[in-house]
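Below is one structure; the comments refer to it alone.
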Amino acid sequence: MAADTPLDAFHLSRIGARAEHEGRLIEADLARADGHDLLLSTTCDGAALNLWTIEADWRAWLEPQLAVGELADIEAGLLPVLAAWTLAPLDGFLRAQGLPGLVEPAVAPAPAPCGEGWRLTLRDGPRRLPLYLRDAPPGWLRALLAALRPSPDQTRQLALGLGWCLLPEQDWDKVAVGDALPIHGMADALDSLWLHPEASPGRVRLLDAERSVVEAPSPGLDQTPPGTLRLAVEAASIRVSADTLADWEVGKEIAAHTAAHPMLRLTARGRLWAQGQLLRLDDGWAARILARG
């Protein structure tokens, strides 16, 4: 994940959360950025805050006040003013929450952040400006998200995983249909599964298809060695309300609809790598590969 946070229950509850300030909306979600456009950099409470955005969206956001050409053609002395103008709604929202404001804004060309990360979208009527969070002061994102509220009718469909298959990434091309990959991190009972296993382990125990109990989180496999492919072994999906995620508490029974997958799904980095079936071994469990990709 970009910026500073795993996806625990609180952060999952804030996907799609929003707030209004002075007639403008700010909304948070997760997204992948792509391309080489521009970086809005600023300082918040003495630390760097960097937000990447698409140049065409940035120019459209500015257009009602000032029509600007391509970034490369804008006079250098005007760039800090445009950066401050762009970030003024976010700065005003932060200060209204009692959080530190933004100072020393600047704008410059930059490549998109790598991987999936948090996106803050500013909305003013039909205008929208997506800001992809690249760097933030410690704790900044959580403080911002705490000021946003999920809609009462918002739900999340999340994966439930049995555990993980780990192997050197260069060995993946050697894995063939019929091979069995050991599953790490499985519970003793098959009704205890990891919530959103690609991002941040935390277990739920299924009571039936409509009810679950939150189990104590575990260190699991939080740290994956460099060069290791960590494949989440997804066995089912669960649909849970954002309010439930916001009030996540160990031992609490929750209403959550669960549906089993017809085959195990081995996923990593937002991609399906293989499908398989559960295989009992003498010393544990494995995922037998039935199809790649």
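The values are calculated or read from the model by the stated rules, or taken from the named source; none is laboratory data. Only a predicted model underlies this, so the values are computations on that prediction, with no experimental measurement involved. Positions of Cβ are generated from backbone atoms using ideal geometry, with glycine treated the same way; all protein chains shown enter the neighbour counts. For the accessible areas, the whole protein counts, side chains as well, though only heavy atoms, and no ligand, DNA or RNA atoms are used. Shrake-Rupley method; radii C 1.70, N 1.55, O 1.52, S 1.80 Å.
A few points about this structure:
- In this structure, PHE10 and LEU66 have a Cβ-Cβ separation that, at R0 = 30 Å, corresponds to a calculated FRET efficiency of about 0.20.
- Taking 7 Å steps out from each Cα toward its Cβ at GLN277 and ARG205 produces label points 3.0 nm apart.
- The stretch 101-140 and the stretch 58-86 have their alpha-carbon centroids 16 Å apart.
- Counted residue by residue at 0.36 nm each, then reduced by the alpha carbon distance between them, the extension gain from GLU20 to GLU253 reaches 80.6 nm.
- Under 5 Å, built H, 5+ apart or other chain: amide partners of TRP248: none
- For the stretch 279-293, 3J(HN,Hα) per residue [Karplus equation, 6.51 cos²θ - 1.76 cosθ + 1.60, θ = phi - 60°, Hz, x = Gly/Pro]: 10, 8, 10, 4, 10, x, 10, 9, 9, 7, 6, 9, 7, 9, x
- Taking a sphere under 9 Å around the Cβ of ALA187 and counting the other residues whose Cβ falls inside, with K and R at +1 and D and E at -1, yields a net charge of -1.
- Total formal charge among the other residues, if their Cβ is under 12 angstrom from that of ALA209, Lys/Arg +1 and Asp/Glu -1: -1
- Rounded if a/c under 1.5, otherwise prolate or oblate - the stretch 66-122, Cα gyration tensor axes: oblate
- The phi torsions of the stretch 103-112, fed into the Karplus equation with coefficients 6.51, -1.76 and 1.60 and a -60° offset, translate into couplings of 10, 6, x, 8, 9, 7, x, 6, x, 5 Hz, rounded to whole numbers, with Gly and Pro shown as x.
- When you filter the GluC sites (Glu not before Pro) in the stretch 1-75 for DSSP loop state and at most 12 other Cβ atoms inside 10 Å of their Cβ, you are left with GLU22, GLU70, GLU75.
- Near ALA256, the amide H atoms lying under 5 Å from its own belong to ARG211, SER212; only residues 5 or more places off or on other chains count, and H is placed 1.01 Å from N.
- Between amide H atoms placed 1.01 Å from N, distances below 5 Å from LEU38 occur with THR53, GLU55, ALA110, all of them 5 or more places distant or on a separate chain.
- Given charges at Cβ of Lys, Arg, Asp, Glu: the stretch 134-224 dipole, positive-most of LEU207, THR155, LEU195: THR155
- Cα gyration tensor shape for the stretch 102-211, rounded if a/c is under 1.5, else prolate or oblate: oblate
- Comparing ILE74, ILE54, ILE26 in a Gaussian network model of the chain where C-alpha atoms under 10 Å apart are linked, the largest mean-square fluctuation is found at ILE74.
- Surface analysis of the chain yields an accessible area of 47 Å² per residue, using protein heavy atoms and a 1.4 Å probe.
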